[in-house]
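Below you'll find the structure, written out as structure tokens, and then a few comments.
The values are calculated or read from the model by the stated rules, or taken from the named source; none is laboratory data. Keep in mind that this is a model prediction, so the values were computed, not measured. Glycine gets a Cβ as well: all are built from the backbone with ideal geometry, and neighbour counts include every protein chain shown.
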Amino acid sequence: MDNDVRDVVGHWLVFGLSGQVGEAFATLRSPTDPPWLAPSRSPRRALPGVRWVQAGLGDVTLPDVPVTAIASLGPLDAFVDWIERTPVAPERVVALGSTSVHAKRDSGEPAERALALALRTAELRLAAVAAERGFVLTVLRPTLVYGNGRDRNLSRLVAAARRWRLLPLPAGARGLRQPVHVEDVAAAVRACLREPRPRPGFFDLPGGETLPFDQMAARAVAAGAPGARLVRVPGFVFRMGVRGLRLLGGAQGLGEGFLARLGQDQVYDGGPARAALGHSPRGFRPGPDAFPRHVAPHHPEA
């Protein structure tokens, strides 16, 4: 790796290639793609057609390097900070946001409302940069991403079920969800980069099936923790248990906002992404490989 990129021409700049979506995105690379330039803080294994640049996002500089497209597969706010201060004007930018911009907007928890506001602010800042520099901007907002064990939601439910051999859920955990496979998110990003005519806009990116939270959790546990039981308990019992765990310093991520959302629908229209991008995600039928065992137990965030 190095951080001298002046001899690389006609490439895609891919932020977050070593992350959750980036891991899936890397498997989609084609010999017909332009060269990829991928910043990373840590050394990474060589990938055909990819030139790693050992640098954190705040340290990446591109003097005199033509960039045809940029993909941001990591935190949106950090990417916006970088592009605002970096004089790069590609033909197109494809960036990942999150449907948390909708789901947490009216949360009862100030931290979650602040997250939703930060996401929306980052989107607007990026749109302003696009308008100023004249590039086409596509923002994709995935729902609950799963599929390679690196998510902070379903994989951690499964990890808890493996450890405890059961997964308690409140009886009212029936809010609708649309989990989306990480490979389908990566495919949508690639489609945006490969499309001859760029597709500007902000697109929610749900999965191909809508199902209640408890049914989603049951399928995930059956796939990743066979033999573990899903135990439905009265809502007040579940809340008391969570609050007890908090007193003991546990239950990270199980705040009041999360508890309230278990019974709320989080359903988004995938029609615009289907029409504009050809997004055709799979239904939620996870196999054991969707929840590898190296993921440490942790409570979910959404």
Next item on the list: Could you grab me the full set of residues in region 175-205 that are touching a Gly at 6+ places or on another chain (Cβ under 6 Å) and more than 30 Å from residue 67 (Cβ to Cβ)?
Entry: 175, 178, 179
Notebook entry, point to check: Hey, any hits in region 77-89 for a residue that's within 21 Å of residue 266 (Cβ to Cβ) and either of a type in the set (A, V, I, L, M, F, W, C) or within 18 Å of the chain's Cα centre (by Cα) (or both)?
Noted result: no
Margin query: On the basis of being surrounded by fewer than 24 Cβ atoms within 10 Å (Cβ to Cβ) and over 20 Å from the mean Cα position of the chain (by Cα), does residue 200 make the cut?
Written below: no
Next item on the list: List every residue pair whose Cβ atoms lie under 7 Å apart, where the two residues are 6 or more positions apart in sequence or sit on different chains, the first residue falls within region 275-302 and is among the charged types (D, E, K, R), and the second residue, located anywhere, is at pLDDT 80 or above and in a loop (DSSP other than H, G, I, E, B).
Entry: 282/208; 301/152; 301/153
Next item on the list: Please specify each residue of region 156-177 satisfying the condition of being in a helix (DSSP H, G or I), touching a Pro at 6+ places or on another chain (Cβ under 8 Å) and buried (at least 16 other Cβ atoms within 10 Å of the Cβ).
Entry: 156, 157, 159, 160, 162
Check: So, of the residues in region 20-58 that are free of Cβ contacts under 8 Å to residues at least 40 places away in the same chain and among the β-branched types (Val, Ile, Thr), which turns out to be surrounded by the fewest Cβ atoms within 10 Å (Cβ to Cβ)?
Finding: 32
Checklist line | Identity of the residue in region 7-19, surrounded by 20 or more Cβ atoms within 10 Å (Cβ to Cβ) and in contact with a strand residue (DSSP E or B) (Cβ under 6 Å, 6 or more places away or on another chain), that ends up nearest to residue 183 (Cα to Cα) | finding: 17
Next item on the list: Select from region 134-155 the residues that are in a loop (DSSP other than H, G, I, E, B) and among the basic types (Lys, Arg) and write down the one among them that is surrounded by the most Cβ atoms within 10 Å (Cβ to Cβ).
Entry: 150
Note to self: Considering only residues that are at pLDDT below 90 and of a type in the set (A, V, I, L, M, F, W, C), which ones fall in region 1-35?
What the structure shows: 1, 5, 8, 9
Check: When you go through 100, 155 one by one, which is the residue that is within 20 Å of residue 265 (Cβ to Cβ) and not charged (D, E, K, R)?
Finding: 100
Next item on the list: Go through 67, 101 for me and flag whichever is in contact with a helix residue (DSSP H, G or I) (Cβ under 6 Å, 6 or more places away or on another chain) and surrounded by 15 or more Cβ atoms within 10 Å (Cβ to Cβ).
Entry: 101
Checklist line | Search result, residues across region 153-174 that are closer than 14 Å to residue 229 by Cα and either touching a Ser or Thr at 6+ places or on another chain (Cβ under 8 Å) or basic (Lys, Arg) (or both) | finding: 162, 163, 165
